[in-house]
1. Exceeding 28 Å between C-alpha atoms, which entries from my cross-link table qualify? They are K499/K542; K65/K542; K5/K65; K248/K361; K161/K499.
2. Sticking with the crude label model, points 7 Å out along Cα→Cβ, report the distance from R430 to R388 in nm, one decimal please.
3. What FRET efficiency would be calculated for the residue pair V592, E518, taking the C-beta separation as r and a Förster radius of 22 Å, to the nearest 0.05?
4. In the chain, which whole DSSP H runs stretch at least 18 Å along their own axis (Cα) and average -0.5 or higher on the Kyte-Doolittle scale?
5. Residues in the range 203-217, backbone N under 16 Å from the label point at S16 (7 Å along the Cα-to-beta-carbon vector): list them, ranges by number please.
6. Show the residues, 5+ positions off or on another chain, whose built amide H is closer than 5 Å to the amide H of I538.
7. Can you list the HN-Hα couplings for the range 47-61, worked out from phi with the Karplus curve (6.51, -1.76, 1.60; θ = phi - 60°), rounded to whole Hz and with x for Gly and Pro?
8. Working out 0.36 nm times the residue gap between L555 and Y318, then minus their Cα-Cα distance, what length gain in nm do you get to one decimal?
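Each value in this text was obtained by applying a stated rule to the coordinates, not by laboratory testing. Fair warning: this is a prediction, and the values are worked out from it, not measured in the lab. Here Cβ is always computed from backbone atoms with ideal geometry, including for glycine, and neighbour counts include all displayed protein chains.
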Amino acid sequence: MDSNKVRQTFLDFFKSKGHVIVPSAPMVVKGDPTLMFNNSGMAPFKDLFLGNAPIKNPRIADTQKCLRVSGKHNDLEEVGVDTYHHTMFEMLGNWSFGDYFKKDAIAWAWELLTEVYKIDKERLYVTVFEGSKEEGLAFDQEAYDTWKQFISEDRILNGNKKDNFWEMGDTGPCGPCSEIHYDGRSLSERKKVSGATLVNNDDPQVIEIWNNVFMEFERKADGSLVKLPKQHVDTGMGFERLVRVLQKKKSNYDTDVFSPILEKIEELSGLHYRPDDEEKHKAQLIINIAMRVIADHIRAISFSIADGQLPSNTGAGYVIRRILRRAIRYGYQSLNMREPFMYRLVPTLANQMGEAFPELKSQKMLIEKVIREEELSFFKTLEYGLKRIDNVCVELSNQHKENSLVDGKVVFELYDTYGFPVDLTSLIARGYGLDIDEKSFLSHLEEQKNRSRAAATVDTDDWIFTAVQWRGEKGQTVEFVGYETLECESYITRYRKVKSKTKELFQLVLDVTPFYAESGGQVGDTGILDSPNDIVQILDTKRENGVIIHITDKLPENLTAHFHAKVDGEKRALTQSNHSATHLLHAALRTVLGTHVEQKGSLVNEEHLRFDFLTFQSNT
């Protein structure tokens, strides 16, 4: 079964079980300050789990584009070194929002794997949550009893909180989970050592393929757990791992998900990908790792650009630039590729995955051009780094001192400012009979990490609900009336404190609001909340997980008072005019430069507009 058929079979199966098939959300996240990228299948549905948006379809299924390169879920350093971690990956998922729960989720998972995909039952193990005394959580008896109907009890394993209590981050929806693991070892190996002893022990052939998460709780900022209004099912099956199992391969990279890209890398480099030889020959291992890194990273970079996130020096753009430069470094160091090559992989990727993700085909030319420009720029950086480290090494060598070390500050500057790889710096230094001061380099690196963490630290308290009654249906999104009016009567339904390094602010949620939340590049409204005894200045308005949030630097004295919400009308009118001007500018650019011009970002406020776009040709 080829990979496209594997994906479609999953979606067709859950469609037959009454699920609505929905497209993948963009990999790049907008409107959620806690995430840069969707790092799991459930991330796009946080507002549904939390009750902040109406549930239109209680059963859905999809394949979600995910990226994991930072924060709690960070697989970057394993990518390419092992055979089953990735930056960008697909997460096949089926979801129940307050509909079915553990029994149906488990039964359908077993039916799909063993009856539809026909995976050998004797190679499967499952885990259930053993409970946690510290959290006051009991053993998941219901999951255990359900699994007993399908699989022998010696294949049902207890899992601790680390492995079997799923949390997306420090706060948010969470719950116990039940994993399904596949033992891909040979019959003789399985007879010698039970697969049960290798589950969740980082064995490359005994891998988790599916996780059924039972969303029952919300983790609050103070660490406590509270029951969600409804119980949900959130499952995630790693597409690349599933294909590996069904195609009976020992590595994700040996499947047709990656083989066309690897073949193109072989063609471009003149080298060969030979995984069977890497244990015998170190040189082949170096080549194989580089090719795996490049094959993985071209997917992450291409999908990010297709979703509108261009490489840059800040935020999500910096993450993409870092991934791209990591791939270029591997090609430069290990495959001797001295000219741009990553962009030449894009047509292969688009041809392979363009049917499932048409944005790869429609944006193919843009993706190629963006990557090529980044490659040209980084090759210049590598040239600069080579000259700089050569000069440093020559100067040290001329001093004829014993045990000379290249200053860790220089190594860090090359790494941090220019993206020059540390291992390449070390390799060049050894060519001059020198070593790098690794201890000093690591010290500078840790200092930078601490500065970044301190600058980015934001403490967000839990929401505190007021005593006022919600005038709309409970659990629905805040009613926005700002298109019809700039003033309305409102109540504060909840609030929380947000503290950063430099200031303390408060976020308010109203039951009805005329305030426009920042969106599409247009800044959020400002204005006032006026009550008989108090006036609160609204400094900004944003949207988070489907909720309109009003930001102020002080709380009103009476949180249950009746407020008159009033938008700064002059600012809104000027901002709207500039927003209209961005559309006119876009149309003009497409007329003058060509229809390839696409908006890649914008900023619109009452004073000016900024319109970001890409073009790769000069027109006068």
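1. K248/K361; K161/K499
2. 2.2
3. For V592 and E518, the calculated efficiency is 0.15.
4. Membrane-span-like by this criterion, though nothing is claimed about a membrane: 282-306, 315-334, 364-398, 569-592.
5. Counting backbone N atoms under 16 Å from the label point, the list is empty.
6. G527, I528, L529
7. 5, 6, 4, 7, x, 8, 9, x, 8, 7, 10, x, 10, 9, 9
8. 81.7 nm
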